[in-house]
Amino acid sequence: MAGDADWGGPEFTETAGTRMHAAVLGPSGAEPVVCVHGLGVSHRYFGPFARSLAHEVRVVAPDLPGFGRTAAPSRHVLDVRELSEALAKWLRATGRAGAVMVANSAGCQVVVDLAAHAPDLVGPVVLNGPTVDRHARSVPRQIVRLIANVPLERPSLGLLVARDYLSCGPRRVWGTFRCLLDDPVEGKLPAVQSRAVVVRGARDPVSSRAWAAEVAGLLPRGSLVEVPGAGHTLNYSAPEELARITRELMRDAGNQTTQMKEES
């Protein structure tokens, strides 16, 4: 299956009222990096990013309920809080609390919401192309931005996204989209107490530079990095750059932990 060939194997965990699937790649004993996908998609589009990191870390990409290979617990469309609660249960069940998390697009909203109700589960985070820009919080403006991003991505991404959208169904995509628009993420950003790097492609029309800078500024320990010439989905179209940024965050977080231990 397209996108699945990038991964080393599946992992299934009974939690959150369903059987949550996660794709895994990298040494079993290595430090984990948890990938959180965006609207309608799944673990599959994190494949190029996983390959860029897997020789040194354990990359794990769970499919949130209703997406990818994780069935929804019911026909009900989960809102942002319900998705983040499912992620929280999965992190606890798999022993990955505090792991580095790399989120893309709507996945950033899920991770930020997780920090608002379960801060102990959130380690250092990379927020790639965070949504939803509060200055463009409407259906027409978001759709226009998403369409404008299409030519900035690798052509193969379109096929992968289309497959995932068909898998979860238009009802779930649309319902989740409306929940994302109703989620005031800017009010929850101060809850992210861990180190956080906001990353955007310099040409990303979905997450504007002004919005990304605002997000970074509202994070207590946030910073902003731009990737020249790139669009919205860096984990697929600029995976090496996103991997480099993730490594730097992990190294800085590790150095800080070592320093704190020495001082104590």
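Peptide packing for 174-184, 104-114 was compared via the average number of neighbouring C-beta atoms within 10 Å per residue; ordered from the highest value, the list is 104-114, 174-184. As a proxy for reagent exposure, 208, 138 were ordered by neighbouring Cβ count within 10 angstrom, fewest first; the result is 138, 208. How many angstrom separate the Cα center of segment 159-236 from the Cα center of segment 119-133? Comparing the Cα centres of segment 159-236 and segment 119-133, I get a distance of 9 Å.
In order along segment 67-82, the Karplus-derived 3J(HN,Hα) couplings, from 6.51 cos²θ - 1.76 cosθ + 1.60 at θ = phi - 60°, round to 10, x, 9, 9, 6, 6, x, 7, 6, 4, 7, 6, 8, 4, 5, 5 Hz, and Gly and Pro are given as x. Annotation for segment 12-82: GluC sites (Glu not before Pro) lying in DSSP loop with at most 12 further Cβ atoms inside 10 Å of their Cβ do not exist. Near residue 227: Cβ cut-off under 11 Å, other residues only, Lys/Arg at +1 and Asp/Glu at -1. The net charge is -1.
Magnitude of the charge dipole for segment 4-263, about its Cα centre and with charges confined to Cβ atoms of Lys, Arg (+1) and Asp, Glu (-1), is about 520 debye. If the chain linking residue 181 and residue 137 were pulled fully straight, counting 0.36 nm for each residue of separation and taking away their Cα-Cα distance, it would gain 15.2 nm. Dipole orientation for segment 160-252: of the candidates 160, 206, 216, 160 has the Cα lying most toward the positive pole (charges on Cβ; Lys, Arg +1; Asp, Glu -1).
Here the Karplus relation 6.51 cos²θ - 1.76 cosθ + 1.60, evaluated at θ = phi - 60°, turns the backbone of segment 13-20 into coupling constants of 9, 6, 6, 6, x, 8, 10, 6 Hz, with x for every Gly and Pro.
Qualifying trypsin sites (Lys or Arg not before Pro) in segment 188-245, where qualification requires a DSSP coil assignment and no more than 15 other C-beta atoms within 10 Å, comprise 221.
Taking a ≥ b ≥ c as the square roots of the Cα gyration tensor eigenvalues, with a/c under 1.5 meaning rounded and otherwise prolate when a/b beats b/c, else oblate, which class fits the chain? The shape class here is rounded.
Which of the trypsin sites (Lys or Arg not before Pro) across segment 1-77 are loop residues per DSSP, with 13 or fewer other Cβ within 10 Å? Passing both the DSSP loop test and the Cβ count: 75. Near the amide H of residue 19, within less than 5 Å, lie the amide hydrogens of 71, all on another chain or at least 5 residues away, with H placed in the peptide plane. Put simply, the amide H of residue 33, placed in the peptide plane, has neighbours under 5 Å in 58, 59, 60, leaving out anything fewer than 5 places away on its chain.
The HN-Hα couplings worked out from phi for segment 223-228 by the Karplus form 6.51 cos²θ - 1.76 cosθ + 1.60 (θ = phi - 60°) are 9, 10, 10, 10, 9, x Hz, whole numbers, x standing for Gly and Pro.
Every number here is computed from the coordinates shown, using simple stated rules; none is lab data. All of these numbers come straight from a predicted model, not from anything done at the bench. Note that we place each Cβ from the backbone using ideal geometry, even for glycine, and neighbour counts take in every protein chain shown.
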